[in-house]
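All remarks here apply to the structure that follows.
The numbers here are math on the coordinates, done by the rules we state, and not lab data. Everything numeric in this text was worked out from a predicted model, so none of it was measured. Don't worry about glycine lacking a Cβ; one is built from the backbone with ideal geometry, like all the others, and counts go over all protein chains shown.
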Amino acid sequence: MTPTRPRTLQDIALARSGDKGNRATLSVIALDVADFPVIERLLTAERVKAQYAGVCRTWARYIL
């Protein structure tokens, strides 16, 4: 039996980003709907905000 490695966000999702003027967007898309709850639980607004501290003044999270 081959040991399995932990899955990363890169293994289960795609990311897209864009900007227009003084606004930027970051989209994370689950490759499999079954992984959506894991992404939603682990990729919190607080974690994203902390990652971009000093870069973004305001932020919002939308789940579509």
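Note on P(r) over Cα pairs in 10 Å bins from 0, in percent: of the candidates (1) 21, 40, 24, 12, 3, 0; (2) 16, 29, 22, 28, 5; (3) 17, 47, 27, 7, 2, 0, the value calculated from this structure sits at (3). Taking trypsin sites (Lys or Arg not before Pro) across segment 1-58, the ones in a DSSP loop with at most 14 further Cβ atoms lying within 10 angstrom of their Cβ are Arg7, Arg57. Panel order for Thr44, Thr4, by other beta carbons found within 10 Å of each beta carbon, from fewest to most: Thr4, Thr44.
With R₀ fixed at 25 Å, the C-beta to C-beta distance from Leu31 to Arg5 puts the FRET efficiency at about 0.90. Using only side-chain charges placed at the Cβ, +1 for Lys and Arg and -1 for Asp and Glu, the dipole size of segment 9-51 relative to its Cα centre rounds to 300 debye.
Which order do Ile29, Ile12, Ile63 fall in if you start with the one that has the fewest other Cβ atoms within 10 Å?
Placing the least packed residue first, the sequence is Ile63, Ile29, Ile12.
Karplus-derived 3J(HN,Hα) values for segment 25-38, using 6.51 cos²θ - 1.76 cosθ + 1.60 with θ = phi - 60°, are 10, 9, 10, 10, 10, 5, 6, 9, 4, 5, 8, 4, x, 5 Hz; glycine and proline are entered as x. Ellipticity at 222 nm from helices only: DSSP H runs of n ≥ 4 in the chain, each -39500 (n - 2.57), divided by the residue count, give -6500 deg cm²/dmol. Residues Tyr62, Tyr52, ranked from the fewest to the most other C-beta atoms within 10 Å, line up as Tyr62, Tyr52.
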